[in-house]
1. Kindly list the number of the only condition in (1) without any contact (Cβ under 8 Å) to a residue 24 or more places away in the chain; (2) part of a helix (DSSP H, G or I); (3) in contact with a Phe, Trp or Tyr (Cβ under 8 Å, 6 or more places away or on another chain); (4) not β-branched (Val, Ile, Thr) that fails for residue 158.
2. Go through 222, 193, 246, 206 for me and flag whichever is among the β-branched types (Val, Ile, Thr), touching a residue at least 24 places away in the same chain (Cβ under 8 Å) and surrounded by fewer than 19 Cβ atoms within 10 Å (Cβ to Cβ).
3. Take residue 221 and decide whether it is among the β-branched types (Val, Ile, Thr) and over 14 Å from residue 56 (Cα atoms).
4. Would you tally the residues in segment 249-282 being of a type in the set (Phe, Trp, Tyr), under 21 Å from residue 12 (Cβ atoms) and at pLDDT 90 or above?
5. With the requirement that a residue be β-branched (Val, Ile, Thr) and part of a helix (DSSP H, G or I), what does segment 202-256 give you?
6. Tell me yes or no: at least one residue of segment 283-302 is at pLDDT below 95 and of a type in the set (Ser, Thr, Tyr).
7. Please work out if residue 261 is in contact (Cβ under 8 Å) with a residue 40 or more places away in the chain and either within 14 Å of residue 57 (Cβ to Cβ) or not acidic (Asp, Glu) (or both).
8. Of the residues that sit in segment 36-73 and are among the polar types (S, T, N, Q) and over 20 Å from residue 247 (Cα atoms), which one is surrounded by the fewest Cβ atoms within 10 Å (Cβ to Cβ)?
Amino acid sequence: MALRLYRTERPFRQNNFDLIRLLAALQVVLFHSIGRLNLHAGAWSVPLSFFHGVPVFFVASGFLVSASYERQRGDERRYFRNRAARIFPGLWVCLFVTLLVTYVLGFRPHRPADFAWLPAQMCGLIYTPPFLQSFGSGTYNGALWTIPLELQFYLVLPLVYRIVLRNRSDRALWWTFGCFLALSLLLARFVPVVIGPGEPLINKLVRYSFLPQFYLFLYGVVLQRYRAFELNFIAGKAIPWALLYVAFCYLSPARPVFLSLGMLLLATSAISAAYSFSHPGRILRGYDISYGVYIYHGLIINLLVTYGAVGSWRYMPLLITTTLAAAYLSWRFVERPVLQMLRNESPILLEPAV
């Protein structure tokens, strides 16, 4: 049976994750632009809307970060140091650039609570302060809501290994995954997402907690533990999985249980794509700019809104090129130097989180 299920042509590190994450980030950029720049999207956008970028980040994070944790053999000090190094340097520089830009535009803190905002953001507690609520679309960088979720995932993962996987049995992991999937469905039923000024506090607390999305991260852990990169029905099967997922999206009703099942199909498609096609890594040549694209595009969209560059697709080339340039500079001068410094200390795999 093992010979039928598994193959060994491609090692774990020979993958397309850099490209998959970049495409996921660009999907987020596209649909944030459509919504906040008041762009008309035709029928061509419907299939693209199925390939949500954020769930891809979550499952890829679970897949890669759990593998890194296992290679570190439970060295939690090094684990947390590496995770912090991957998230915070790029985020801190992005926050500094945001403050500089908004200060020049006249959005300046003036109340005591405003000055508490920056330290909170630097710790990963993302929210929009009153002095920035009139900047652009009303949220200074809406994409950063996933940062506190990722940080919570990182905090909980060692507990999963200590409690759920302490006997090296993946059966308990499957049960845990099922419990969090059920919890996600219950939250969708009883604590629905209501984003806006009238959002109840309990809804906001749930939305910024790891609970609704943790099943996706755990699914990435499951796929990693079962060596999905060696499974014949996953590795090298990106196109069939993607077609199956698109067909599911068109045919299934818009109910929470089907939406969650669709996310699992999308997650499997993403992992399959990471281990499909030949010559992975040659397109980006080691420039992992997905994180930079993700954290900077919201600021650039807000600048376009501030200057009235809305309602037309002719502004998209400016948005894309500016975002890619910011992402390149972030990777070249902030993220990569930090990772190289840590690799020189201990050569381990450091995967981007989002």
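The values are calculated or read from the model by the stated rules, or taken from the named source; none is laboratory data. For clarity, every value in this text was computed on a predicted model and none was experimentally measured. Note: ideal-geometry Cβ built from the backbone for every residue, glycine included; neighbour counts use all protein chains shown.
1. Going through (1) without any contact (Cβ under 8 Å) to a residue 24 or more places away in the chain; (2) part of a helix (DSSP H, G or I); (3) in contact with a Phe, Trp or Tyr (Cβ under 8 Å, 6 or more places away or on another chain); (4) not β-branched (Val, Ile, Thr) one by one, residue 158 breaks only (1).
2. Just a single option satisfies the conditions, and that option is 246.
3. no
4. Final tally of qualifying residues: 1.
5. Residues satisfying the conditions are 202, 206, 221, 222, 239, 246.
6. Yes: one or more hits.
7. Spelling it out, it is not the case that residue 261 is in contact (Cβ under 8 Å) with a residue 40 or more places away in the chain and either within 14 Å of residue 57 (Cβ to Cβ) or not acidic (Asp, Glu) (or both).
8. The residue in question is 38.
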